[in-house]
1. Measure nothing fancy, just the Cα-based angle from helix 2-12's long axis to the longest principal axis of the chain, in degrees from 0 to 90, nearest 10.
2. Between residue 70 and residue 30, 0.36 nm times their residue separation minus their Cα-Cα distance comes to what?
3. Neighbouring Cβ atoms within 10 Å as the yardstick, rank 120, 25 fewest first.
4. Test of understanding: extend the Cα→C-beta vector of residue 108 to 7 Å, then name every residue of the stretch 134-149 with backbone N under 20 Å from that spot.
5. Run lengths n ≥ 4 of DSSP H only: what is the helix-derived mean residue ellipticity at 222 nm for the chain, with -39500 (n - 2.57) per run over all residues, to the nearest 500?
6. May I ask for the equivalent-ellipsoid semi-axes of the chain, computed as the square root of five times each C-alpha gyration tensor eigenvalue and listed largest first in whole Å?
7. Going by C-beta contacts inside 10 Å, put 34, 102 in order with the fewest on the left.
8. Test of understanding: what is the full-extension gain from residue 21 to residue 39, defined as 0.36 nm times their sequence separation minus their Cα-Cα distance?
């Protein structure tokens, strides 16, 4: 009886015992890297959306201000509050406000702009990724053409 079993095993080919362990050992790091890449992409996408929204709020706050100095201060405050409310974790943040539109004469179309740069931390997610990434957004908002400046 054992001779018949031995001949049947020889016909079936080599045993595949333990092959699933090898497959898991090969696929686990690849799946881990893929997951980390998805997390990094999500972190960048969420930060980009938050920076874009904060720039829009800052530009709008600057456009409704009465003076150039007040526009600068209110835009910076709006950008900081917006990033804080959206729980965006920036390593560093830079807010630049273009208030040159306040210098144009009344009756001339003008606008103010806000540029926000957020440095997003990517360290530790994937080997080969930079430690941080700068995300920048610029938004312009029109000034009321016939309002005194």
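No lab work stands behind these numbers, since they all come straight from the coordinates. On a predicted model such as this, the values are computed, not experimentally measured, just so you know. Cβ placement follows ideal geometry from the backbone for every residue including glycine, while neighbour counts extend to all protein chains displayed.
1. 40 degrees
2. Working: separation 40, 0.36 × 40 = 14.40 nm, distance 5.28 nm.
Gain on extension, residue 70 to residue 30, equals 9.1 nm.
3. Listed from fewest to most nearby Cβ atoms, that is 25, 120.
4. 140-149
5. Mean residue ellipticity at 222 nm (helix-derived): -17500 deg cm²/dmol.
6. Its equivalent ellipsoid spans semi-axes of 63, 13, 10 Å.
7. Working: 34 12, 102 19.
The order, fewest Cβ neighbours first, is 34, 102.
8. Values: separation 18, 0.36 × 18 = 6.48 nm, distance 2.68 nm.
Working it through step by step, the gained length comes to 3.8 nm.
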